[in-house]
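Have a look at the structure below, then the notes.
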Amino acid sequence: MKILLLGSGAREHALARALARDPQTSELIVAPGNPGTSAIATNLNIDPSVPEEVVALATQMKADLVVVGPEAPLVAGVADAVRDAGIPCFGPGAEAARLEGSKAFAKEIMTAAGVPTAEAAVCTTEAELSAALDRFGAPYVVKEDGLAAGKGVVVTDERPVALAHGHACLTRGSGRVVVEDYLDGPEASVFCVCDGATVRPLVPAQDFKRLLNDDAGPNTGGMGAYSPLSWAPADLTEQVVREVAQPVVDEMARRGTSFIGLLYCGLALTSRGLRVVEFNVRFGDPETQAVLARLTSSLPELLHAAATGRLAEAPEPTWSEQSAVDVVIAAPGYPGTVTTGGTITGIEAAEELDDVHVLHAGTGTTERGELV
Ligand code: GLY
């Protein structure tokens, strides 16, 4: 199978490893990729969010499958363009990608599908924002309506902080902000592979978004993750498929915008039961790095079956009993203004340790061949 994988982060490096190690993969191109993926695949420098560039490359390499890593190409309609060119694509079309691209749309779908989630108000004015903050009370949960690279959500006890974030959201993007009820209880991520009708869950994972130990500090794009979740109910994935993923996939199909790709169910296991915190329409980062480290069956076979509407016939994924954990090492200053260009050493030594591997994100190679 010839595969084109779009993206350049550690999530894509983990996807590339799982795709490249499978004997069914005959060729793997990562676009644009990173210095880590260049060691296991061919990197090609195109803009993954420009549909014409992706279709041209997929056609030229005679791709059997295109796998879209990040959300931006999906929201830009890359998956629609690839499918229109007759090439199987793992990733939802632009309309279905609104499940991640708009928090308000996700709430609308959840209401229509009867999916348990926090009560919410979609605000378009300062007055609505202020009234919603008073209605739900502290802790305040204020979410930017559009894409914000995991940084659009503020949870705070301070009303002025909640108001300031809400005000900032109203003055950019869609001009809408979502205020919702605070969900108590631990969070978990369950990824569901979907072909528009059938849903296959992957093993649950938990990620950590705050910068510092003990869940302190500012929100980031994610500092680490692990799987399995020994504390979670044994039937968590079955419950998520039954109460969340299948109803959403059915509702999307009913609207004529079938969901093909990865439905990321971000959940809170509250004292009142399972609730959806958010949907994403692509593999989670950094949970994917831990989840795929445990996958023992074929990733290309699974994703190709989803992209071609044959998931019901595909074998169930199988998993190692071992635990996996990933920890993000970030440049000084992250998640604010980072100091870039620092030399990175010690990767070979780390890779020599049993069951340890290093995934790249935001790295580069200097003219002298140094990793920075
Ligand atoms: N782990 C959070 C995300 O992928 O958005």
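The values are calculated or read from the model by the stated rules, or taken from the named source; none is laboratory data. Please read these numbers as outputs of a predicted model, since none were measured by experiment. Backbone-built Cβ (ideal geometry, glycine too); neighbour counts: all protein chains shown. These area figures cover heavy atoms from the full protein model, side chains too; ligands, DNA and RNA do not enter into them. Shrake-Rupley method; radii C 1.70, N 1.55, O 1.52, S 1.80 Å.
Each label point was placed 7 Å from the Cα along the Cα-to-Cβ direction; for Val327 and Lys62 their separation is 4.7 nm. The count of lysine pairs in the chain with alpha-carbon distances below 13 Å, taking only pairs 8 or more places apart or on different chains, stands at 5. The distance separating the Cα centre of the stretch 1-29 from that of the stretch 300-365 comes to 11 Å.
For the stretch 1-104, the equivalent ellipsoid built from the Cα gyration tensor has semi-axes of 21, 15, 12 Å, listed from largest to smallest. Take every DSSP beta bridge whose two residues both sit in the chain; close to 75 percent of them are antiparallel. For the stretch 266-274, putting each phi into the Karplus relation 6.51 cos²θ - 1.76 cosθ + 1.60 with θ = phi - 60° gives couplings of x, 10, 10, 9, 8, 5, 9, x, 5 Hz, in residue order, rounded to whole numbers and with x for Gly and Pro. The Rg/Rh ratio of the stretch 165-270, with both radii computed over alpha carbons and Rh defined as the Kirkwood radius, is 1.02.
Extension gain, Thr339 to Arg254: 0.36 nm times the residue separation minus the Cα-Cα distance gives 25.8 nm.
With all pairs of separate Cα atoms included, the chain yields a Kirkwood hydrodynamic radius of 21.2 Å.
Of the residues Arg172, Arg83, the one with the largest accessible area comes first in the ranking Arg172, Arg83, computed with a 1.4 Å probe on protein heavy atoms.
Over the chain, dividing the summed -39,500 (n - 2.57) contributions of all DSSP H runs of at least 4 residues by the number of residues returns a 222 nm mean residue ellipticity of -8000 deg cm²/dmol.
Note on the stretch 1-158: antiparallel DSSP beta bridges, both residues inside, total approximately 20 percent of the bridges counted. Over the chain, accessible surface divided per residue gives 43 Å², non-protein components excluded, 1.4 Å probe. Considering all C-alpha pairs of the stretch 204-260, those separated by over 20 Å amount to 52%.
What part of the accessible area of the chain, given as a whole %, is carbon or sulfur when the probe is 1.4 angstrom?
On the way: 8310 of 16140 Å².
Exposed carbon and sulfur together represent 51 percent of the surface.
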